[in-house]
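The next block holds one structure in the form of structure tokens; read it before the comments.
The values are calculated or read from the model by the stated rules, or taken from the named source; none is laboratory data. What you see is a predicted model, and the numbers here were worked out from it, not measured in a lab. Glycine also receives a Cβ, built like all others from the backbone with ideal geometry; neighbour counts cover every protein chain displayed. Quick note on the areas: whole protein, heavy atoms, side chains included, nothing else; ligands and nucleic acids left out. Shrake-Rupley method; radii C 1.70, N 1.55, O 1.52, S 1.80 Å.
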Amino acid sequence: MDKYYDMLLEDVRFREGLKACMNCGVCTGVCPAAEFYDYDPRQIVSIVQTRNDDAIEELMRSERIWYCGECMSCRPRCPRDNTPGYVIQALRTLSQKLGFFVESEKGRQQLCLKRTIGENILRTGYCLTPRLIRPELHAEQGPVWRWIVENDREVYGRLSPCYDKAGAGALRRMDAASLAELDRIFEVSGGRRMFDLIEEHSDRKAREMGYDGADERYAADAYTQNSNRHD
């Protein structure tokens, strides 16, 4: 009955984020995501508090846990010192570990985040830099953005003399020792294992959906396709 709840309790964010919810709804009232999505942090916390495995599993398979923007507007407003945003983070992590995230459209986009932001950190030391943002995945930016990416050294070199170069300053090239340290942090903290799990579960789901594994086509489709069923 309490299997998933007990697993959530292993996450310090969950222990910190859910203390004594009285279901007042203040978190939903101030939540920006609740205005635009079928999303209600009060309801999510209420479901978790039931400790019902079936209900919590359904939540981890759903779209709803991926709507939170993690702005933490809920944190300072809760009269009982809860943080629903932390509860959402714990649910997302457990969903990734158990492979439930691939059952929702927004959840499947975790593969794209892992392959872009996650791998960018290990490869360059940055979540994003201009040259790492692929124009074909951001058509809304228009043709000017493609030109900027193709001429990034000229454009950003005017802002920082160290752009993509060794030395100190904004957008500098990270040295090998710093990158090695980042890699070690990911290894000992479990980040590397989490990356592997996202790939494994995504590959399984991709094959179920008729793809040849979690290839570039699957990743691009997961990133760009939108059923428009999220409001």
Q: Using only C-alpha positions, report the orientation-averaged shadow area of the convex hull of the range 1-137, nm², one decimal.
A: 9.2
Q | Solitary cysteines of the chain, where the nearest other Cys Cβ is not under 4.7 Å | A | 21, 24, 31, 68, 71, 78, 112, 127, 162
Q) Where nothing but the Cβ of Lys and Arg (+1) and of Asp and Glu (-1) is charged, how large is the charge dipole of the chain around its Cα centre, in debye to the nearest 20? A) 660
Q) Near residue 105, within a Cβ-to-Cβ distance under 11 Å, what is the net charge of the other residues, with Lys and Arg +1 and Asp and Glu -1? A) 0
Q: For an R0 of 35 angstrom, estimate the FRET efficiency from the Cβ-Cβ distance between residue 147 and residue 196 and round to the nearest 0.05.
A: 0.40
Q: Among [x] 1.01; [y] 1.15; [z] 1.08, find the value of Cα Rg over 2.2 N^0.38 Å that was calculated from the structure presented, and write down its label.
A: [y]
Q) If you roll a 1.4 Å probe over the range 27-131 with all protein chains in place, what percent of the accessible area is carbon or sulfur? A) 46
Q. Can you give me the Cα centroid spacing of the range 1-67 and the range 144-173 in angstrom?
A. 42
Q. What are the lysines whose alpha-carbon lies under 21 Å from the alpha-carbon of residue 97, with same-chain residues fewer than 8 places away excluded?
A. 3, 106, 114, 205
Q: Can you bin the range 20-73 into rounded, prolate or oblate? Criterion: square roots of the alpha carbon gyration tensor eigenvalues sorted a ≥ b ≥ c, rounded for a/c under 1.5, prolate for a/b above b/c, oblate for the rest.
A: oblate
Q) With a ≥ b ≥ c the root eigenvalues of the C-alpha gyration tensor of the range 148-205, is it rounded (a/c under 1.5), prolate (a/b larger than b/c) or oblate? A) oblate
Q | Percentage relative contact order, the range 1-49, counting C-alpha pairs under 8 Å, at least six apart | A | 31
Q) How much net charge surrounds residue 163 when only other residues with a Cβ under 10 Å from its Cβ are counted (Lys, Arg +1; Asp, Glu -1)? A) +3
Q: Normalising by the residue count of the chain, find the relative contact order in percent from Cα pairs under 8 Å and 6+ residues apart.
A: 19
Q. Helix 191-208 sits at what angle to the longest principal axis of the chain, using alpha carbons and giving 0 to 90 degrees rounded to 10?
A. 80
(Q) Below 8 Å, C-alpha to C-alpha, sequence gap of six or more: please give me the relative contact order for the range 27-99 in percent. (A) 34
Q.
Give me the 1.4 Å probe accessible area per residue for the chain, excluding ligands and nucleic acids, in Å².
A. 56
Q.
Helix-only mean residue ellipticity at 222 nm, the chain, DSSP H runs n ≥ 4 weighted -39,500 (n - 2.57), per residue, nearest 500. What is it?
A. -15000 deg cm²/dmol
Q) According to the square roots a ≥ b ≥ c of the eigenvalues of the Cα gyration tensor, what is the shape class of the range 105-231, taking rounded for a/c under 1.5, prolate for a/b larger than b/c otherwise, and oblate for the remainder? A) oblate
**Q.** Angle between the chain longest axis and helix 84-98 axis [Cα atoms, degrees, rounded to 10]
**A.** 80
